[in-house]
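Visitor: Quick one: the structure is below, questions incoming.
The values are calculated or read from the model by the stated rules, or taken from the named source; none is laboratory data. Here the structure is a predicted model, which is why all the values come from computation and not from measurement. Neighbour counts are summed over all protein chains in view; Cβ atoms, including those assigned to glycine, are modelled from backbone coordinates with ideal geometry.
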Amino acid sequence: MERTTFLKNYRIRLQYDGTPYQPFSAGPATSYEAVDERTGEPVSVTLIPAASIDPAEREGFEEHISSAQKLQHANIGSVRDFGREGDDYVYVSERLAGETLASWCTQPRTDAG
């Protein structure tokens, strides 16, 4: 990964070997663990290639993100920032501690009942 800072304030966390922590990838979008350099808070930076979104749908996509930034609820990870840099949309959200839903669903359960 050549760039490690996005939207001026969000730095991708790197492992000891210099590779980024990459907790999630779905289709063309890739999410990385990152840090808000202003506050030190953990965030998730998702890069979405602009080419992966139909040009006719980009305006609607941007409007949906703008709407998501306004949502405030204890059960929803907040959208911290959004913008476009080069060939990617950059979506920054709150990084919540714990396992992902995908990993939880794939683990065998020993619950009785």
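Visitor: Taking the stretch 6-27 only, how many residues are modelled with pLDDT of 90 or more, in contact with a strand residue (DSSP E or B) (Cβ under 8 Å, 6 or more places away or on another chain) and either closer than 16 Å to D87 by Cα or assigned to a loop (DSSP other than H, G, I, E, B) (or both)?
Guide: The total comes to 4.
Visitor: Is it true that S31 is assigned to a helix (DSSP H, G or I) and not β-branched (V, I, T)?
Guide: Judged against the criteria, S31 is not a match.
Visitor: While we're on this one: Where residues in the stretch 34-60 are touching a residue at least 12 places away in the same chain (Cβ under 8 Å) and over 18 Å from K8 (Cβ atoms), which of them is nearest to the chain's Cα centre (by Cα)?
Guide: I48
Visitor: Here are the criteria: (1) surrounded by 12 or more Cβ atoms within 10 Å (Cβ to Cβ); (2) under 15 Å from the mean Cα position of the chain (by Cα). Tell me which single one G27 does not satisfy.
Guide: (1)
Visitor: Pick out the one residue from Y89, Y21 that is among the hydroxyl-bearing types (S, T, Y), in contact (Cβ under 8 Å) with a residue 12 or more places away in the chain and surrounded by 15 or more Cβ atoms within 10 Å (Cβ to Cβ).
Guide: Y89
Visitor: Can you name the number of the only condition in (1) surrounded by fewer than 14 Cβ atoms within 10 Å (Cβ to Cβ); (2) under 17 Å from the mean Cα position of the chain (by Cα); (3) among the aromatic types (F, W, Y); (4) farther than 20 Å from R3 by Cα that W104 fails?
Guide: W104 satisfies every listed condition except (2).
Visitor: Among the residues that make up the stretch 71-78, is at least one of them of a type outside the set (S, T, Y), under 23 Å from N9 (Cβ atoms), at pLDDT 90 or above and not in a helix (DSSP H, G or I)?
Guide: Checking the stretch 71-78: not a single residue is of a type outside the set (S, T, Y), under 23 Å from N9 (Cβ atoms), at pLDDT 90 or above and not in a helix (DSSP H, G or I).
Visitor: Continuing with this model, one more query. Is there any pair linking a residue in the stretch 1-12 that is touching a residue at least 24 places away in the same chain (Cβ under 8 Å) to one that is surrounded by 16 or more Cβ atoms within 10 Å (Cβ to Cβ) and among the hydroxyl-bearing types (S, T, Y), with Cβ under 6 Å and at least six apart or on different chains, and which?
Guide: I12/Y32
Visitor: Please state which one of T30, T106, T39 is of a type in the set (S, T, Y) and touching a Leu at 6+ places or on another chain (Cβ under 6 Å).
Guide: Of the residues listed, the single one that is of a type in the set (S, T, Y) and touching a Leu at 6+ places or on another chain (Cβ under 6 Å) is T30.
Visitor: Restricting attention to the stretch 53-60, does a residue exist that is touching a Ser or Thr at 6+ places or on another chain (Cβ under 7 Å), aliphatic (A, V, I, L, M) and surrounded by 13 or more Cβ atoms within 10 Å (Cβ to Cβ)?
Guide: no
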